[in-house]
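Each remark here refers to the structure printed beneath this line.
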Amino acid sequence: MLVVKNARVATMTSAQALPGDGPLGFIEDGAVAMENERIVYVGPSSGAPAGETLDAGGRLVTPGLVDPHTHLVFAGDRAHEYAQRIAGASYLEIARAGGGIRSTVRATRAASDEELIECATKRLRRMLASGVTTVEVKTGYGLTVADELRMLRIAQQAGAAAGCEVVPTLLGLHALPEGLSREAWIRQVCEELLPAAAHAGARGCDAFCEEGAFTRDECSRALSAGQALGLAAHLHADQLSDSGGAALAASLGCASADHLERTSTAGIAAMASAGTAAVLLPLAAWFLRDTPAGAKPFLDAGVTVALGSNLNPGSQRMESVSLLLGAGCLFCGLTPAQSLWACTRGAARALGLDDRGVLEPGRRADLVLWDCKDAAHLPYHAGVEHALTVIARGIVVANRESACN
């Protein structure tokens, strides 16, 4: 049994919208005991069971962070597109000129399995060392049945190599493959790719509902087909325009709608009624020089708010956890406590993972010991990583003597 004692334990057992530190559910001088991959005790240090002890020294302990939206299996470099955007080119202009997603598709197809696994494993290890114990990974840079299934396999292999749990998501409707009609690709996705992906271990399905990508009807077809196979549905919604994506996600009962920079009041209300979580991606909007979605309208409506990195080669290449927490505060208007909740319990809810994101007996033993006492220090001192010890399934998987404080 492993016992973390003398900690400021942020249990995340309270509701996200509470004021102050309310969402964190603090236990002062608290302890967390773990055995057989599960938490067996959370409470005062004085009542903790005996076991191998890790003294937190009064520092902050939280659940392991969950990143609910990444595209981290890819090859190639699109730094030149970054320069083009700084010079004034839009996301759609770059894509129409042959860049964007299709540029990464070409590079990813050309890379060997070994190259892709090595790069994805390095990214996951950096995330794990910074406190992220669960990472959702989307496909979408293959755009053939074989290449999309290859991306699923590589994501799973990289997760195993890194010691970080990967939640694989099939993003079949990311972009239209060259040489195929829209109808032909959508039919392949629904009739061939999704069944094969479900068999290969995918846990979710996704689609990009946007001008220049796929329509509401096309996304509905693909997501409904995935849900019929038992996959949790997600939707890239309302990023570049108010396309009605949030309302579509709600009508389909999606676990989450992601991006949401231009979602209408009606779309937010629909999400609240359906229980669809909002995954906000402020670093992506900042990277694209856009206005990030504000959290307040979603919180006021009772929508679960999560934060995701959207790590990808084209529209968000920043990997810092503390920078994401800071962006949640500075760009989305979350309090530091809400931002941390959105990266733990909120993100777990967005992926339908009821066994993590909160510290209480019976939950999975994923937690982080931070090199600070105040949760507000994490987004305040952004751009560096503050995780001292990262525990996944009750085992220490990352450790350092000190971090920047």
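Inter-label distance, Asp147 to Arg289: 3.0 nm, where each label sits 7 Å from its Cα along the C-beta direction.
Accessible area per residue was computed with a 1.4 Å probe on protein heavy atoms; Met1 scores about 80 Å². For the chain, adding -39500 (n - 2.57) for each run of n ≥ 4 DSSP H residues and dividing by the number of residues yields -10000 deg cm²/dmol at 222 nm.
Residues of the range 351-389 with an amide N closer than 18 Å to a point placed 7 Å from the Cα of Thr13 along the Cα-to-Cβ direction: 354-368. Note down the net charge around Glu93, summing +1 for each Lys or Arg and -1 for each Asp or Glu among other residues with Cβ under 12 Å from its Cβ. Neighbour charge sum, excluding Glu93 itself: +1.
Taking a point 7 Å from the Cα of Asp77 along the Cα-to-Cβ direction, the residues of the range 124-152 with backbone N closer than 20 Å to it are 124, 126.
The accessible area of Met151, taken with all protein chains in place and a 1.4 Å probe, comes to roughly 10 Å². Stokes-Einstein diffusion for the chain at 25 °C, viscosity 0.890 mPa s, with a Kirkwood radius from C-alpha pairs, works out to 116 µm²/s. Couplings for the range 290-303, taken from phi via the Karplus curve 6.51 cos²θ - 1.76 cosθ + 1.60 with θ = phi - 60°, read 10, 8, x, 5, x, 7, 4, x, 6, 4, 4, 7, x, 7 Hz in order; Gly and Pro are left as x. Seen against the Cα atoms of the chain and their longest principal axis, helix 265-274 is set at about 60 degrees. Residues whose amide H comes within less than 5 Å of that of Leu388, counting only those at least five positions distant or on another chain, are Leu369, Trp370, Asp371 (H built at 1.01 Å from N in the peptide plane). Residues of the range 247-265 with an amide N closer than 11 Å to a point placed 7 Å from the Cα of Asp300 along the Cα-to-Cβ direction: 265.
The values are calculated or read from the model by the stated rules, or taken from the named source; none is laboratory data. Predicted model, so just to flag it, every value in this text is computed and none were measured. Ideal geometry is used to build each Cβ from the backbone, glycine not excepted, and the neighbour counts take in all protein chains shown. With ligands, DNA and RNA removed, areas are computed over all heavy atoms of the protein, side chains included. Shrake-Rupley method; radii C 1.70, N 1.55, O 1.52, S 1.80 Å.
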